[in-house]
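Single-structure report; data block below.
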Amino acid sequence: MNLQRKMSAMNEKILVIEDEETLVKTLRYNLDREGYQVYTATDGMSGLELARSEKPDLLILDLLLPELDGLSVCRILRQEGSNVPILMLTCRDEEMDKVLGLELGADDYVTKPFSLRELLARVKALLRRVEMLRQEERKPEVISVGELTIDLRRHMAFWKKDEELELSPKEFVLLTFLARNRGMVLSRELILERVWGYDYVGDTRTVDVHIRWLREKIEEDPGNPRHILTVRGIGYRFEG
């Protein structure tokens, strides 16, 4: 692990709730080597209390726990308003529990037995995703690019200052992403990841369809656009 990443991880807290002592020791050792602050609990009730008191940056949660099962821990935390990323640990025959866990608010899962490399990759991916969201929240509440104004707080967009655009929620997020990265060539794959999420099961044609809808709303001639430009073989570029 490079020094820069290790210094960054030093302030990130991970809570492991797992009742298998050997696995707990293994996870603690390897997460500690990566530079994370590691907390552990071996039952759901004490794990829930630790999650409340320590407010970790990520929770690794086994489903089969004494005192309080993992699904209940996940449900309670979400009901209390916690948005901590939750990585579930499941067994091969718990397909319904995986689905239910994701529906209750878990962010990802790995199936036992798993490789430590896979688990660490999932941990890093979830923490990167959280940091990206935090960066988005710190950005200005109003974006102005040429004739476009986007009011993030009110979730409204205006063309030519006073013409409100009627956008679906996904169109609004897509237009915001394009405007924030004006002048940059954005691949379809990157747009799909940032706007639809890394776990989206569709393909890049979804991007093309939404781009066409946006063009119909802000371009005088959607067939010959001046603002949302196609970069052949790559994706799109927004010009104000």
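Details
- Of the residues making up region 218-240, those that are acidic (Asp, Glu) and open to solvent by 30 Å² or more (accessible area, probe 1.4 Å) are Glu220, Asp221, Glu239.
- Reported count of residues in region 205-238, each being touching a residue at least 12 places away in the same chain (Cβ under 8 Å) and either of a type in the set (Gly, Ala, Ser) or under 21 Å from Ser168 (Cα atoms) (or both), is 16.
- The set of residues in region 189-217 that are open to solvent by 50 Å² or more (accessible area, probe 1.4 Å) and either at positive phi or not acidic (Asp, Glu) (or both) comprises Leu190, Arg194, Tyr198, Tyr200, Val201, Arg205, Arg212, Trp213, Lys217.
- Condition check for Leu64 on (1) open to solvent by 20 Å² or more (accessible area, probe 1.4 Å); (2) out of contact with any Leu (no Cβ under 8 Å at 6 or more places or on another chain); (3) in a helix (DSSP H, G or I): one failure, at (3).
- Condition check for Glu166 on (1) outside any helix (DSSP H, G or I); (2) in contact (Cβ under 8 Å) with a residue 24 or more places away in the chain; (3) surrounded by 14 or more Cβ atoms within 10 Å (Cβ to Cβ): one failure, at (3).
- Any chance Arg182 is open to solvent by 40 Å² or more (accessible area, probe 1.4 Å), in a loop (DSSP other than H, G, I, E, B), closer than 26 Å to Arg134 by Cβ and modelled with pLDDT under 90: no
- Residue check for Asp69: of a type in the set (Asp, Glu), more than 19 Å from Val130 (Cβ to Cβ), surrounded by 16 or more Cβ atoms within 10 Å (Cβ to Cβ) and in contact (Cβ under 8 Å) with a residue 40 or more places away in the chain: no
- Meets criteria (loosely packed, with under 13 Cβ neighbours inside 10 Å and either modelled with pLDDT under 90 or β-branched (Val, Ile, Thr) (or both)) for Arg129: no
- Against the test of being in a loop (DSSP other than H, G, I, E, B) and touching a residue at least 24 places away in the same chain (Cβ under 8 Å), the options Ala106, Ala51 yield a single qualifying residue, Ala106.
- Exactly one residue among Leu89, Leu15 is outside any helix (DSSP H, G or I), crowded, with 20+ Cβ neighbours inside 10 Å and at pLDDT below 95, and that residue is Leu89.
- Of all residues in region 72-81 being open to solvent by 40 Å² or more (accessible area, probe 1.4 Å) and within 18 Å of the chain's Cα centre (by Cα), the one that is modelled with the highest pLDDT: Arg78
- Check on Leu152, open to solvent by less than 60 Å² (accessible area, probe 1.4 Å) and under 11 Å from Ile218 (Cβ atoms): no
- Checking each residue in region 102-111 for being over 16 Å from Leu126 (Cα atoms) and either within 15 Å of the chain's Cα centre (by Cα) or crowded, with 16+ Cβ neighbours inside 10 Å (or both) picks out only Leu104.
The values are calculated or read from the model by the stated rules, or taken from the named source; none is laboratory data. Bear in mind the structure is a predicted one, so any value in this text is a computation, not a measurement. Counting neighbours? That spans all protein chains shown, and the Cβs are built from the backbone with ideal geometry, glycine included. Areas reflect the complete protein model, heavy atoms only, side chains present, ligands, DNA and RNA absent. Shrake-Rupley method; radii C 1.70, N 1.55, O 1.52, S 1.80 Å.
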